[in-house]
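The values are calculated or read from the model by the stated rules, or taken from the named source; none is laboratory data. From a predicted model like this one, the values you see are computed outputs, not experimental measurements. Cβ coordinates were reconstructed from backbone atoms using ideal geometry, including for glycine residues, and neighbour counts include every protein chain displayed. For accessibility, only protein heavy atoms count, side chains too; no ligands or nucleic acids. Shrake-Rupley method; radii C 1.70, N 1.55, O 1.52, S 1.80 Å.
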Amino acid sequence: MINLNQVCDISSGHPFRGRIEESNESNVKVVQMKDVSPDNPIDWSQCLTAELSGRRADYLRSGDILFVARGNRNYAVQIGEIPDGLQAVASPHFFVIRLQDASLTPEFLTWFLNQTPCQQYFEQNAEGTMAKSIRRSVLEQTPIAIPLLQKQAAIVKLHKSHIQQQHVIQQLLANSNQMMSAIATDLMK
């Protein structure tokens, strides 16, 4: 086991002063909490476009990982392909994890950070009572395992299959609920 900061650079999201204001004059997208979930890719068309001020922007790159540092659920989301010509930054609610070691894939690391051992580590080290948060130093010291690349690829493939199965099950349940509702409605006629 090694610590996350031994194989990754970790930085804070872009520091906006106050509310993030939408701007049609900019081509910079801002990824906010509402734009991410653990199981779905970022929908770039839904991200707010904003003017950046303050420090020089560290634009997101494909393969970066966003870590939700505030709230009751701390999880990681991988940045997939960023559309050509698009520049994007993360809001301050995120830490941006950028791999610096070729022995680790972003897909595997994202999966690993979302698994029970890491989630328990985050829960034990979170600060605050109502609004919990993870300090950068806590994230940097997260213990991680680095299996061989072949094993990482197999785990990621298994995880993707698991996600697809969950979507199918959810659709079957929705169809079943709709059918039961239709039967009940038909009986009332």
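Here are some notes:
- Judged by the mean number of other Cβ atoms found within 10 Å, the most tightly packed of the peptides 143-149, 15-21 leads the ranking 143-149, 15-21.
- Averaging the sequence gap over all C-alpha pairs within less than 8 Å and six or more residues apart, then dividing by the number of residues, gives the chain a relative contact order of 26 percent.
- Solvent-accessible surface of protein heavy atoms, probed at 1.4 angstrom with all chains present, puts SER133, SER45 in the order SER45, SER133, largest first.
- Normalised per residue, the accessible area of the chain is 62 Å², obtained with a 1.4 Å probe and no contribution from ligands, DNA or RNA.
- Whole-angstrom gap from segment 75-144 to segment 1-66, using each part's C-alpha centre: 12 Å
- For q = 0.22, 0.28, 0.31 Å⁻¹, Debye-computed log10 I/I(0) when each Cα of segment 119-174 counts as one equal scatterer: -0.84, -0.98, -1.12
- Figure legend: label point modelled 7 angstrom from the Cα of GLN87 along Cα→Cβ; residues of segment 18-61 with amide N under 17 Å from it are 21-31, 48-61.
- Distance histogram for segment 41-89 (every C-alpha pair counted, 10 angstrom bins, percent rounded to whole numbers): 20, 49, 30, 1
- About the Cα centre, charge dipole magnitude for the chain (Lys/Arg +1, Asp/Glu -1 at Cβ), debye: 380 debye
- Bridgeable lysines around LYS160 (alpha carbons under 20 Å apart, same-chain partners fewer than 8 residues away excluded): LYS151.
- Carbon plus sulfur fraction of accessible area for segment 1-69, probe 1.4 Å, in percent: 41 percent
- The Cα atoms of segment 70-142 give a gyration tensor whose axes a ≥ b ≥ c have a/c of 1.5 or more with a/b no greater than b/c, which makes the shape oblate.
- Using 0.36 nm per residue and subtracting the Cα-Cα separation, the extra length available between LYS160 and ALA184 on full extension is 5.0 nm.
- Measure of compaction for segment 57-189 (Cα Rg per 2.2 N^0.38 Å): 1.39
- Ellipsoid semi-axes for segment 1-112, based on the Cα gyration tensor and the rule √(5λ), read 24, 14, 14 Å when sorted largest first.
- Taken about its Cα centre, segment 107-156 carries a charge dipole of about 20 debye when Lys and Arg each add +1 at the Cβ and Asp and Glu each add -1 at the Cβ.
- Percent accessible area from carbon and sulfur atoms, segment 125-189, protein chains only, probe 1.4 Å: 62 percent
- Summing Cβ point charges (Lys, Arg +1; Asp, Glu -1) relative to the Cα centre of segment 1-72 gives a dipole of roughly 260 debye.
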